[in-house]
Amino acid sequence: MATESETDSNGESIDITNAFGDIAESYRQMQIPVSRYVTWIVLPGVGFFVLTVVAGIVLDFPLVVRLPMPALGLLLAVAALIYPKIRLDQRRKRMNEVFHLYVTHMTVLSTTNIDRVEVFRRIARMDDYGPLSEETRRIVQLVDTWNQSLDDACRRRAKKVPSDAVSDFFDRLSYTINAGEDLSSYLVSEQSTIIQNYTTIYEGQLGNLEVMKDLYLSMILSVTFALVFATVLPVISGTDPTMTVSAVVIMYTFIQLGFLYAIYTVSPTDPIWYFPPEQTTPTERRLQYAVAAGVGLSALTIVGVSVVMFGFTGIDPETIPLPIYAAVPTTPLLIPGLVARSVEADIKGRDEEFVSFIRALGASETAQQTTTTAVLSTLRRKDFGALTKNIDELYTRLKMRLSPEAAWRFFTADAQSYLIQKFSEMYLIGRQMGGDPKHLGELISENMNEVMQLRERRDQSTMTLIGVIYGITAAATFAFFIGLGIVEQLSAMTLGMNTPAGFDFNSLINTEVYNIALIEFLLTLTVLVNAMISSLIVRVVDGGHKVNSFMHFVLLTWLGAIIGSMTMELVGSLLGI
């Protein structure tokens, strides 16, 4: 038993040591001096924390207002301390997410007729792979500037990169190059290992999303109960309900923002859309017009709702609940939301067909020993679903003697797909440098097929999360407004009973402290904030376009508005006196 205890204790101390070691390493890898960061960031953060503690003790505010002050100061101080570690973790995450594309691109280049150092130079000139491109540039600098051999340069950088997978890859690559093995053979053999590693990381992130979903559900339920108590308990205690409700609403907002950031951190970064930097595509213009129409109509609707709300029409403003007033102006935002959803569905359809297309293109070019244009003259007659039109336009541009780079650039711009853009660029470069078309097509299709399977699992996780968000929104809104409805009925209640002389009924029920209209406004604002943050959470998880979140924002707002209004009516009909 003593041995087990010592083992556990040593294990905990090792974990703590590793944690501090990771933080210290993140400070060493910062691009600014540690002393400057501590002086200008850490010390002010700690000072602000001390100031909030003093303010929480000295200021004459209610306890529910003073308690969050030190918590906010502590949050900022801790954030300042661990920010370098967060940046390092983000760098590691970004490396892991694009690592499979990076290795695939390197493999495609290695199968062509260029030197192995030139493979690194070409990738170093690209910014698409973020931190991996930076690491490749450092390797090239060690080779070109410091006259290091390629294997020594890879070995040096393997000790510096934060990602274990990338470090192992560079380390194995250095030994392979030093042993004289062909770079192409090594990278081709590594493909299955890299994809398996990427799959493991991706599935692990999806598993983390499931954990975050459960935590989100439990935390929102807890804060919902807190908000109900903050609404109802002042009836007995006599405290200012506006202050307590405002404090809980702020806490509710911060918790949701925290979960939004946490989900953003653990979610796989696998973008669906591609936006060419040098041109505006018809799809982009279509989205811009839809957003302009939605926002413009929302502004007009706000004016119309305000006219009704302030009694400038023949409609009695009291007949329309406040949540409905808030929900109506959001409705036009469905226009850009539905447009983005439709375009995104087409992009996903093109992604699915591209796997078959690129494999068929590579196999046909090898079998017929001819050009891409000649092969496309036959392939464009086949049905590739949503991609058929793009293939036909690619053939037309090549037939018009447009350069292959320009033709494929228009092809990827029209497809609007991130994966199609990356893999099309790889195929084009491989073909131009003398790579085998069949080998390129098979290599690209296998990688993309694996990514598509992972995306299907991500879509399933997204649908589950959407169900949880809509369910918890309905339940939380019902709880919010049922408490408000009870308080409203108690406030409107008249004493139709004989009470003994000197008996003060308000000493039992303190309804005079309530400003029902203000509390209803705060709860309606909570519904809007919940809809906005929840829609952003959905967008982060599904990896789609930002405009796609508009649809969920409108639907969640209307769900909350309808349930809130119906709950108030229900309580009024049951308890009305």
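The values are calculated or read from the model by the stated rules, or taken from the named source; none is laboratory data. Please read these numbers as outputs of a predicted model, since none were measured by experiment. FYI the Cβ positions are ideal-geometry reconstructions off the backbone, even for glycines, and counts take in every protein chain you see.
Which pairs have Cβ atoms under 8 Å, sit 6 or more apart or on different chains, and link a residue in the stretch 248-266 that is closer than 17 Å to Lys213 by Cα and of a type in the set (Gly, Ala, Ser) to one that is in a helix (DSSP H, G or I) and at pLDDT 85 or above?
Ala262/Met212
Please go through the stretch 251-282 and give me each residue that is crowded, with 18+ Cβ neighbours inside 10 Å, closer than 19 Å to Glu344 by Cα and among the hydrophobic types (A, V, I, L, M, F, W, C), ordered by number.
Those that are crowded, with 18+ Cβ neighbours inside 10 Å, closer than 19 Å to Glu344 by Cα and among the hydrophobic types (A, V, I, L, M, F, W, C): Ile272, Trp273.
Asp351 is checked against (1) of a type in the set (Asp, Glu); (2) more than 30 Å from Ala406 (Cα to Cα); (3) touching a Ser or Thr at 6+ places or on another chain (Cβ under 8 Å) and fails just one. What number does that condition carry?
Going through the list (1) of a type in the set (Asp, Glu); (2) more than 30 Å from Ala406 (Cα to Cα); (3) touching a Ser or Thr at 6+ places or on another chain (Cβ under 8 Å), Asp351 breaks only (2).
Suppose the filter is touching an Asp or Glu at 6+ places or on another chain (Cβ under 6 Å) and farther than 18 Å from Thr224 by Cα; does Ile537 pass it?
The answer is no for Ile537.
What are the residues in the stretch 509-549 that are acidic (Asp, Glu) and either in contact with a Leu (Cβ under 7 Å, 6 or more places away or on another chain) or outside any helix (DSSP H, G or I) (or both), if any?
Matches in the stretch 509-549: Glu512, Glu520.
So, of the residues in the stretch 550-576 that are assigned to a helix (DSSP H, G or I) and over 18 Å from Thr526 (Cα atoms), which turns out to be modelled with the lowest pLDDT?
Leu575
Could you list, in sequence order, all residues of the stretch 146-161 that are crowded, with 21+ Cβ neighbours inside 10 Å and within 15 Å of Leu88 (Cα to Cα)?
Correct list: Val161 only.
Looking at the stretch 135-147, is at least one residue within 17 Å of Ser26 (Cα to Cα), touching a residue at least 24 places away in the same chain (Cβ under 8 Å) and out of contact with any Gly (no Cβ under 9 Å at 6 or more places or on another chain)? Before the answer, list the steps.
Step one: filter the stretch 135-147 for residues within 17 Å of Ser26 (Cα to Cα), giving 135.
Among the residues that remain, those that are also touching a residue at least 24 places away in the same chain (Cβ under 8 Å) are: 135.
Restricting the remaining residues to those that are out of contact with any Gly (no Cβ under 9 Å at 6 or more places or on another chain) gives 135.
The answer is yes; a qualifying residue exists.
Tally the residues that are surrounded by 12 or more Cβ atoms within 10 Å (Cβ to Cβ) and of a type in the set (A, V, I, L, M, F, W, C), restricting the search to the stretch 301-318.
Total meeting the criteria: 6.
Take the conditions aliphatic (A, V, I, L, M), in a helix (DSSP H, G or I) and crowded, with 19+ Cβ neighbours inside 10 Å and apply them to Ile335. Does it pass?
Working: aliphatic (A, V, I, L, M): yes; in a helix (DSSP H, G or I): yes; crowded, with 19+ Cβ neighbours inside 10 Å: yes.
Yes; evaluated as a whole, the condition is true for this residue.
Given (1) surrounded by 14 or more Cβ atoms within 10 Å (Cβ to Cβ); (2) at pLDDT 85 or above; (3) farther than 21 Å from Asp164 by Cα, identify the lone condition not met by Gly47.
(1)
Just to be sure before I move on: is Val291 closer than 25 Å to Ile519 by Cα and either not in a helix (DSSP H, G or I) or not assigned by TED's automatic domain parsing to the domain that holds Asp168 (or both) in the structure I sent?
Values: closer than 25 Å to Ile519 by Cα: no; either not in a helix (DSSP H, G or I) or not assigned by TED's automatic domain parsing to the domain that holds Asp168 (or both): yes.
Considered against the rule, which asks whether it is closer than 25 Å to Ile519 by Cα and either not in a helix (DSSP H, G or I) or not assigned by TED's automatic domain parsing to the domain that holds Asp168 (or both), Val291 comes out as no.
Filter the stretch 224-268 for residues that are modelled with pLDDT of 85 or more and outside any helix (DSSP H, G or I); which is farthest from Glu488 (Cα to Cα)?
It comes out as Pro268.
Only one residue in Leu221, Leu206, Leu215, Leu233 is over 22 Å from Ile472 (Cβ atoms) and among the hydrophobic types (A, V, I, L, M, F, W, C), so which one is that?
After applying the criteria, what remains is Leu233.
Of all residues in the stretch 408-453 being in a helix (DSSP H, G or I) and among the polar types (S, T, N, Q), which is farthest from the chain's Cα centre (by Cα)?
Gln432
Let me confirm something: among Ile32, Ile114, Ile57, which residue is surrounded by fewer than 18 Cβ atoms within 10 Å (Cβ to Cβ), outside the structural domain of Thr176 (by TED's automatic domain parsing) and outside any helix (DSSP H, G or I)?
Ile32
Could you please let me know if Leu454 is within 18 Å of Ile391 (Cα to Cα) and at pLDDT 90 or above? Show your work before the answer.
Details: within 18 Å of Ile391 (Cα to Cα): no; at pLDDT 90 or above: yes.
Criteria not met by Leu454.
Starting from residues that are hydroxyl-bearing (Ser, Thr, Tyr) and exposed (fewer than 15 other Cβ atoms within 10 Å of the Cβ), keep the ones in the stretch 214-240 and report whichever is farthest from the chain's Cα centre (by Cα). Lay out the reasoning, then the answer.
Filtering the stretch 214-240 for residues hydroxyl-bearing (Ser, Thr, Tyr) gives 216, 218, 222, 224, 231, 237, 239.
Okay, now just the ones that are also exposed (fewer than 15 other Cβ atoms within 10 Å of the Cβ), so 218, 222, 237.
Working: Ser218: 21, Ser222: 24, Ser237: 42 Å.
Here the residue is Ser237.
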